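See structure below.
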């Protein structure tokens, strides 16, 4: 691959680490330099939410938009019924029409929100993005195609021998005891048909996707060459490398599982913490791929890491930028504040959801809400009933020594009675013994 591109879009994508393979590299570079090109990336709604791994494709679309090109975000409302075998060890579990439609609508909303926010955010960095993008769903054109029509118009253009040679198929045949189903085998033809449809109806000339999509993308180019009335107009394919963390794992995985973009599945606080906890070795890659910070800013932070002078500032900057992109500035600021609460800042003004997320690994005890209303629960009882201290006497000594806290505020009065004014969220408060021994009090009706 050339080290220097003439087109601003490919030049930026290269230094940021988005480029793996490109078909007709010189021709694409020249085309992107001289023309405004429509391109697409597909997202199958096999889950109710996108995850961090999908962000690579989303960010690539935004970078093309930043340089004046027109991205299409395709939701696979039809292909999701089948499931792409590329990069998978097992065949996907088939979803019902109802579940798929629900997933598709949710992901469509996420893509629309993230792309809009990302283009707005990129403008603030000085980019001249057109702001134009379009959402499409392949169910709109695939559901009306009959099986015989598909075999006649698409199937005839492909050799089974060539399809067997595609990595996504070959690997499944070699690695799985039961091989690959005909349903999965046909997937590349359907994705190829998507490219043909968008080529002819949207003047879409470039498909982008992960490196595992190379076979599907080149199949689309082959179908366009063989069957389109506009086959003399060049079409192209581009893939991104598989993004892995320093320990070799797919980016976007955590101990708790995938990091989703839906705040109901991964809270903004947990999302922020995922990025804060990236090791130094991952930071440069993540800053390039998932933020719109300038090259100069990123290289300055890389130099800080290389000099051994990073004390978490780079991770905090990374986390704030990505959380702002996905959840907005307000939620990013709240996540920053919540992180500080774990290190002693006063705990107040949170929702139950936020507080539960922040202290998800902290033990909790339930009390009757009536105890708060009637003034029956004293601070001594709170510490002993939660077993933070063995007795009321031990709690008194802890308070006298300055080691007892309520919502990270030091307790001065051992006769204090807890009331609703002490709640840090709708129904919870936090007590602490010493520097690190937290306990959540939950008050239920």
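The values are calculated or read from the model by the stated rules, or taken from the named source; none is laboratory data. Since this is a predicted model, take the numbers as computed values, not measurements. Positions of Cβ are generated from backbone atoms using ideal geometry, with glycine treated the same way; all protein chains shown enter the neighbour counts.
For the stretch 316-338, indicate whether the set of residues that are farther than 16 Å from residue 55 by Cα and either in a loop (DSSP other than H, G, I, E, B) or at pLDDT 95 or above (or both) is non-empty. Within the stretch 316-338 (the criterion being farther than 16 Å from residue 55 by Cα and either in a loop (DSSP other than H, G, I, E, B) or at pLDDT 95 or above (or both)), the answer is yes, since at least one residue qualifies.
Count, please, the residues in the stretch 121-158 that happen to be farther than 19 Å from residue 198 by Cβ and at pLDDT below 85. If you could, list the steps in order and put the result at the bottom.
Step one: filter the stretch 121-158 for residues farther than 19 Å from residue 198 by Cβ, giving 121-129, 131, 146-148, 151-152, 155-156.
Retained after the next criterion (residues that are at pLDDT below 85): 121-129, 131.
Adding up the residues that qualify gives 10.
Could you tell me whether the stretch 225-232 includes any residue that is touching a residue at least 12 places away in the same chain (Cβ under 8 Å) and either under 17 Å from residue 54 (Cα atoms) or part of a helix (DSSP H, G or I) (or both)? Yes, the stretch 225-232 contains a residue that is touching a residue at least 12 places away in the same chain (Cβ under 8 Å) and either under 17 Å from residue 54 (Cα atoms) or part of a helix (DSSP H, G or I) (or both).
Being modelled with pLDDT under 95 and buried (at least 23 other Cβ atoms within 10 Å of the Cβ) is not true of residue 78. In summary, residue 58 fulfils each of the numbered conditions (1) assigned to a helix (DSSP H, G or I); (2) over 19 Å from residue 137 (Cα atoms) with the single exception of condition (2). Is at least one residue of the stretch 28-44 assigned to a helix (DSSP H, G or I), without any contact (Cβ under 8 Å) to a residue 12 or more places away in the chain, more than 17 Å from residue 241 (Cβ to Cβ) and more than 19 Å from the chain's Cα centre (by Cα)? Looking through the stretch 28-44, at least one residue is assigned to a helix (DSSP H, G or I), without any contact (Cβ under 8 Å) to a residue 12 or more places away in the chain, more than 17 Å from residue 241 (Cβ to Cβ) and more than 19 Å from the chain's Cα centre (by Cα). For residue 220, indicate whether it is surrounded by 22 or more Cβ atoms within 10 Å (Cβ to Cβ), in contact with a strand residue (DSSP E or B) (Cβ under 7 Å, 6 or more places away or on another chain), at pLDDT 90 or above and under 24 Å from residue 17 (Cα atoms). For residue 220, the condition - surrounded by 22 or more Cβ atoms within 10 Å (Cβ to Cβ), in contact with a strand residue (DSSP E or B) (Cβ under 7 Å, 6 or more places away or on another chain), at pLDDT 90 or above and under 24 Å from residue 17 (Cα atoms) - is not met. Each residue in the stretch 291-332 was checked for being loosely packed, with under 14 Cβ neighbours inside 10 Å and in contact with a helix residue (DSSP H, G or I) (Cβ under 8 Å, 6 or more places away or on another chain), and 3 pass. Among the residues of the stretch 159-187, those identified as over 19 Å from residue 76 (Cα atoms) and either in contact with a strand residue (DSSP E or B) (Cβ under 6 Å, 6 or more places away or on another chain) or buried (at least 17 other Cβ atoms within 10 Å of the Cβ) (or both) are 163, 166, 169, 171, 172, 180. The numbered conditions (1) within 15 Å of residue 22 (Cβ to Cβ); (2) in contact with a helix residue (DSSP H, G or I) (Cβ under 8 Å, 6 or more places away or on another chain); (3) modelled with pLDDT under 95 are all true for residue 238 except (3). The condition (being farther than 21 Å from residue 59 by Cβ and in contact (Cβ under 8 Å) with a residue 24 or more places away in the chain) is satisfied by just one residue among 245, 211, 267: 267.
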